[in-house]
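The next block holds one structure in the form of structure tokens; read it before the comments.
The values are calculated or read from the model by the stated rules, or taken from the named source; none is laboratory data. Bear in mind the structure is a predicted one, so any value in this text is a computation, not a measurement. Neighbour counts are summed over all protein chains in view; Cβ atoms, including those assigned to glycine, are modelled from backbone coordinates with ideal geometry.
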Amino acid sequence: MMAPRMVDAREFRQRFESLGFPYLLDRTVGIFTVVEGGVPRPWGSAVLLRIADAGFLVSARHVLNVESDVGILIAPNVSGPVFVVLHGVELALTADEQIEDLAFVRLPAEIDRTISEHKKFVRLAEVAIDDPNFQYLRIRYGELATARRAEF
């Protein structure tokens, strides 16, 4: 068996840190849940996606499909303890978490505006829809997800 070859990745890392990290950080948000005692706890992350004028929050099913009296706490990564609370929205969930772990929600206009003050959204034109490895956008909504009303 041949020993693994080491490749100098410094240039890639420098380029990714200068170009990739800012792009990703500008378009992702932290998702928090509330634990006993009312303390927010990091739960996951989500990508902000814009299709035409509609803003969406896209994440793993297990991140957005939480049972909470408070709702989904979105942290737009601004200074200070700022959360945007998302509740009473319809989540689109994959039918089987073991096969595809994906969920999304269309953001209400007011929440979209609030998040837009601090973050950017990935535009649909930036997504590689023709890439055969990017299967989620190739599957019709009815085959991919079932919707439920989130009761918060």
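Brief remarks on what is shown
- Qualifying residue in the stretch 64-73 (condition: in a strand (DSSP E or B), at pLDDT 80 or above and loosely packed, with under 10 Cβ neighbours inside 10 Å): no
- For beta carbons closer than 7 Å, sequence separation of 6+ or different chains, a first residue in the stretch 29-42 that is under 12 Å from Ile74 (Cα atoms) and a second that is of a type in the set (Ser, Thr, Tyr), the qualifying pairs are Val29/Ser45; Gly30/Ser45; Ile31/Ser45; Ile31/Ser59; Thr33/Ser68; Val34/Ser68; Arg41/Thr33.
- Hey, Gly80 surrounded by fewer than 18 Cβ atoms within 10 Å (Cβ to Cβ), in a helix (DSSP H, G or I) and at pLDDT below 70 or not: no
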